[in-house]
Amino acid sequence: MRAAVFREPGLIEVADIPLPEVGPGDALVRVRAASVCGTDLRISKHGHFRIPAGTSRVLGHEWTGDIVEVGRDVQGFAVGDRVSAAPNVGCGRCAMCARGLNQLCPDYEAFGITMNGGFAEYLLIPAIAFERGNVFPVPAHLSDEIAAVIEPLSCCLHGQRAIGLSAADSVLIIGAGPIGCFHTALAKRAGARQVIVANTRQPRLDIAGLMGADHLINVSELDLREEVMRLTDGQGVDVVITCVSKPEVIASATDLAGRLGRINVFSGLGDGARPPIDVNSLHYREQILTGTTGSSVTDYGDVIDIVATSDIDLSPIVSHRWALDDIHAAMETSRSGAGMKSVIVFGEVA
């Protein structure tokens, strides 16, 4: 089968690799679509501590496909089922797994990191993924491209749950890339009374507008704090979600949130980045600072239900479709910030 294989930092090779062997508790999936994520870009450039030097790995943890072979011990799934999976598979034994927080398991397995992912014609779902409840059926009316971006949407749902986003809130989302637009769509679905999105690029802001943003702030032309205070009558917002990997953005969040404001640091930074935080603002205005990473199996299943049963339209976020042989162009397009999500499509690319 054909696959885009990470060999070492800076080297991804499209090559023929053996078709996975299916054990009694496993299933083989013919991949239909796989989305490029920032994590894929970081691994391709810098590697990953869970991928030892000299180890080849098929990246891609945002995928959907059809089951074409199923082991005799697999229950609840059959050949022909279209599925996707929450990528982080917990050990099932630790304190985090006991609380349903598989994404915080210190001994996790993950598609596209410790297990081969979706940038291949076929993907093996191992028995442990079925056992831990990571595998989900995909509703028939969802397109392959939308099914492939369920995973980052589930991460956004996890972040919003951590800060208890509700209809009473004014929300500022900093960053209008795919993640910022996912947050916009979910905040509007939650009924947030005011959704403000800030970004440096107008085309991305325009897409955030399509996703339901009430106010768009182009920070290359306007002062962000001045605009936020203008829009909130000088009070600041109830919720700030940072979707930009810049220390200065995270450091500014306390100035943008009002009293009892809640801040979610959704975007990570490099290991050396330690942005200054205004602790006095947290203290005297009783603000809450949170951080979230990934999503739980529960978040993942809930997002599938949300997309399947609501009028959320995620199609504006899928801007580029590529064949597997064009994986380098897909990654470079994603890295450049051009457009939104790049999706590898197996079959004819429109």
Inset, instruction - Please verify whether the range 119-129 includes one or more residues that are within 19 Å of the chain's Cα centre (by Cα), touching a residue at least 24 places away in the same chain (Cβ under 8 Å), closer than 22 Å to Thr292 by Cα and not assigned by TED's automatic domain parsing to the domain that holds Thr184. - result: no
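Residues are listed down the side, and each one gets a yes or a no for (1) touching a helix residue (DSSP H, G or I) at 6+ places or on another chain (Cβ under 6 Å); (2) closer than 20 Å to Ile288 by Cα:
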site	(1), (2)
His183	yes, yes
Lys188	no, no
Gln194	no, yes
Asn199	yes, no
Ala208	yes, no
Inset, instruction - Kindly list the number of the only condition in (1) in a loop (DSSP other than H, G, I, E, B); (2) more than 19 Å from Val345 (Cβ to Cβ) that fails for Gly117. - result: (2)
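So which of Gly177, Gly159 ends up being among the small types (Gly, Ala, Ser) and in contact with a His (Cβ under 8 Å, 6 or more places away or on another chain)? Can you show your working first?
Values: Gly177 fails: in contact with a His (Cβ under 8 Å, 6 or more places away or on another chain).
Criteria check complete, one pass: Gly159.
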Legend entry - Total residues in the range 278-313, condition in contact with a Leu (Cβ under 7 Å, 6 or more places away or on another chain), of a type outside the set (S, T, N, Q), crowded, with 17+ Cβ neighbours inside 10 Å and farther than 24 Å from Val237 by Cα: 3
Inset, instruction - Could you check Val228 against (1) within 23 Å of Ser319 (Cα to Cα); (2) in contact with a helix residue (DSSP H, G or I) (Cβ under 8 Å, 6 or more places away or on another chain); (3) of a type in the set (A, V, I, L, M) and say which number it fails? - result: (1)
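Picking from Asp271, Asp302, Asp325, which residue would you name as being in contact with a helix residue (DSSP H, G or I) (Cβ under 8 Å, 6 or more places away or on another chain) and either modelled with pLDDT under 95 or among the charged types (D, E, K, R) (or both)?
Numbers: Asp271 fails: in contact with a helix residue (DSSP H, G or I) (Cβ under 8 Å, 6 or more places away or on another chain); Asp325 fails: in contact with a helix residue (DSSP H, G or I) (Cβ under 8 Å, 6 or more places away or on another chain).
Exactly one of Asp271, Asp302, Asp325 is in contact with a helix residue (DSSP H, G or I) (Cβ under 8 Å, 6 or more places away or on another chain) and either modelled with pLDDT under 95 or among the charged types (D, E, K, R) (or both), namely Asp302.
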Inset, instruction - Test each condition in (1) crowded, with 21+ Cβ neighbours inside 10 Å; (2) in contact with a strand residue (DSSP E or B) (Cβ under 7 Å, 6 or more places away or on another chain) for Cys155 and report the one that comes out false. - result: (2)
Legend entry - Residue within the range 120-142 that is more than 19 Å from Ala78 (Cβ to Cβ), of a type in the set (A, V, I, L, M) and crowded, with 23+ Cβ neighbours inside 10 Å present: yes
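Yes/no per residue for (1) under 23 Å from the mean Cα position of the chain (by Cα); (2) under 22 Å from Ala148 (Cβ atoms); (3) not β-branched (Val, Ile, Thr):
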site: Ala190; (1), (2), (3): yes, no, yes
site: Val197; (1), (2), (3): yes, no, no
site: Arg201; (1), (2), (3): yes, no, yes
site: Asp206; (1), (2), (3): yes, no, yes
site: His215; (1), (2), (3): no, no, yes
site: Ser220; (1), (2), (3): no, no, yes
site: Asp223; (1), (2), (3): no, no, yes
site: Arg230; (1), (2), (3): no, no, yes
Inset, instruction - Name the residue, out of Gly112, Gly100, Gly60, Gly117, that is over 30 Å from Leu324 (Cα atoms) and modelled with pLDDT of 95 or more. - result: Gly100
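Need at least 2 residues that are crowded, with 18+ Cβ neighbours inside 10 Å per element, so show me which strands (runs of 3 or more DSSP E) inside the range 4-93 make the cut, counting only ones lying wholly within it. Steps first, answer last, please.
On the way: elements: 11-16, 27-35, 62-70, 82-85.
So the answer is 27-35, 62-70, 82-85.
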Inset, instruction - Quick one: count up the residues across the range 242-274 that are more than 21 Å from the chain's Cα centre (by Cα), more than 10 Å from Gln287 (Cα to Cα) and either in a strand (DSSP E or B) or in contact (Cβ under 8 Å) with a residue 12 or more places away in the chain (or both). - result: 8
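Does Gly339 fit the bill of being assigned to a loop (DSSP other than H, G, I, E, B), within 17 Å of the chain's Cα centre (by Cα), surrounded by fewer than 21 Cβ atoms within 10 Å (Cβ to Cβ) and in the same structural domain as Ile179 (by TED's automatic domain parsing)? Give the steps one after another, and end with the answer.
Details: assigned to a loop (DSSP other than H, G, I, E, B): yes; within 17 Å of the chain's Cα centre (by Cα): yes; surrounded by fewer than 21 Cβ atoms within 10 Å (Cβ to Cβ): yes; in the same structural domain as Ile179 (by TED's automatic domain parsing): no.
Answer is no for this residue.
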Legend entry - Residue ID - nearest to Ile174 (Cα to Cα), chosen from residues in the range 222-235 that are surrounded by fewer than 17 Cβ atoms within 10 Å (Cβ to Cβ) and touching a Ser or Thr at 6+ places or on another chain (Cβ under 9 Å): Arg225
Inset, instruction - Being out of contact with any Gly (no Cβ under 9 Å at 6 or more places or on another chain) and of a type in the set (A, V, I, L, M) is the filter; apply it to the range 83-123 and report the residue that is farthest from Lys45 (Cα to Cα). - result: Ala95
Inset, instruction - Any chance you could count how many residues in the range 207-231 are in a loop (DSSP other than H, G, I, E, B) and charged (D, E, K, R)? - result: 3
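The values are calculated or read from the model by the stated rules, or taken from the named source; none is laboratory data. Note that the structure is predicted; figures quoted are calculated from it, not measured. All Cβ positions, glycine included, derive from the backbone under ideal geometry; neighbour counts span all protein chains shown.
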